[in-house]
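Each value in this text was obtained by applying a stated rule to the coordinates, not by laboratory testing. Just so you know, these numbers come straight off a predicted model, no measurement behind them. Ideal geometry is used to build each Cβ from the backbone, glycine not excepted, and the neighbour counts take in all protein chains shown.
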Amino acid sequence: MFSAFEWMMAMRYLRARRQEGFISVIAWFSLVGIALGVATLIIVMSVMNGFRQELLERILGINGHLSVYGPVTGQMTDYEPMLGKIQTVDGVVSVNALIEGQVMASAKGVAKGAIVRGIRGQDLAKRDIVAENIQQGSLENFKGDDVVIIGQRLAHSMGVTVGDDITLISPKGNVTAFGTVPRMRAFKIVGTFEIGMYEYDSGFVFMPLEAAQIYFKMPDTVSNLEVFVNNPDNAQDVGFAITRALKGQATVHDWQRANSSFFNAIQVERNVMFLILTLIILVAAFNIISSLIMLVKDKGRDIAILRTMGATRGTIMRIFLIAGASVGVIGTTLGFGLGLAFASNIETIRRWIEGLTGNDLFAAEIYFLSQLPAVVDPTEVAAVVLMGLGLSFLATIYPSWRAARIDPAEALRYE
């Protein structure tokens, strides 16, 4: 498609001589701009993908894909038959009975708000995200009416460890002649967990279901049923099937509805970042246009001589197409490599920068996660690379066409 002569002339024009130094500087800025734009897009998209995937895995790992509530919110009395019916629904993997309530946790003079989840020991053991991330203690001791397992960050902030006692204060207190008195009870810590999500590690307390029923005064009653399905994306369809199986005796909420605002916010931020960072590549493409136009103007005499020696307009156009496209291809290739390298080692780079500056760049209490995640999507990377190449090629069309339209006689006359 391109002859050796055209490649030779294009490469010669890219190697600027002293009087063409300014044009070369613009070309270099264009190359660096495209490289940084492509690399930044790959890094940002990978981090946003990592955020969504990590949050999704943790939220769906510790919460059910579906929540089944009774006619009265927070009260499900005859729930055992419902467990059997839900288990028979196609797509359901497991069903857990759950009691959930808010408390004030207190120990060694420190008080923190927390959420208590009453769950059977065998059901908690099946949740890999908790069972595989026990930091201290063991799930084997998760039985009885006076034991709890708490998040590692909550334990650290209160200065407690396995074997210590923690006092839980429920706002739903006991009614006395002097008014309502908050319900208080001490529990022994038999384990701590750390799943890597700040909200859960610093504010969740797991308690055996029987102990939670006693503490919250809900005998033979649970708050809701948590359902795990084989494919989270099909949770809504399974929810409709459960509603039909229960014949309207309960209300079913899926995880997408429960966390819709959260994940929608991530998607909106992701789209806005993509749009903003695309402008970097666009600006670099305009730099290619300006540098090529200046190069065409500077090489007007050379173009005229080539035309008089028999070079066609197509040959002239291809020479400048190669010159401009080479900047885009090299810049995009460099950006591709830089972006993948950075995304693959982003957590190591973050820790290195934090150690160098002494600042916390990724506070877990703000960003929910304790590590900076990055998941490279090959489809998105391919789209970014194609966009970089496409904009670079488009930027060369007008200057190349203008070079091909130069009239040899006019160009030589004014030289």
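Close Lys pairs in the chain (alpha-carbon distance under 14 Å; sequence gap of 8 or more, or different chains): 4.
Relative to the longest principal axis of the Cα atoms of the chain, the long axis of helix 260-298 makes an angle of roughly 10 degrees. Between 0 and 90 degrees, rounded to the nearest ten: what's the tilt of helix 235-246 against the longest Cα principal axis of the chain? Roughly 30 degrees, rounded to the nearest 10. Scanning residues 5 or more positions from Gly144 or on other chains, none has an amide H under 5 Å from its amide H, with H placed 1.01 Å from N in the peptide plane.
Compute the helix-to-body angle for 4-14: its Cα long axis versus the longest principal axis of the chain, expressed 0 to 90° and rounded to tens. So the inclination is approximately 80 degrees. Of the beta bridges in region 69-219, as assigned by DSSP with both residues counted there, near 75 percent are antiparallel. How would region 253-297 be classified by its alpha-carbon gyration tensor: rounded, prolate or oblate, with rounded meaning a/c under 1.5 and the a/b versus b/c comparison settling the rest? Cα axes put region 253-297 in the prolate bin.
The antiparallel fraction among DSSP beta bridges confined to the chain stands at about 80%.
For the pair His156 and Ser260, a Förster radius of 35 Å applied to the C-beta separation gives a FRET efficiency near 0.60, rounded to the nearest 0.05.
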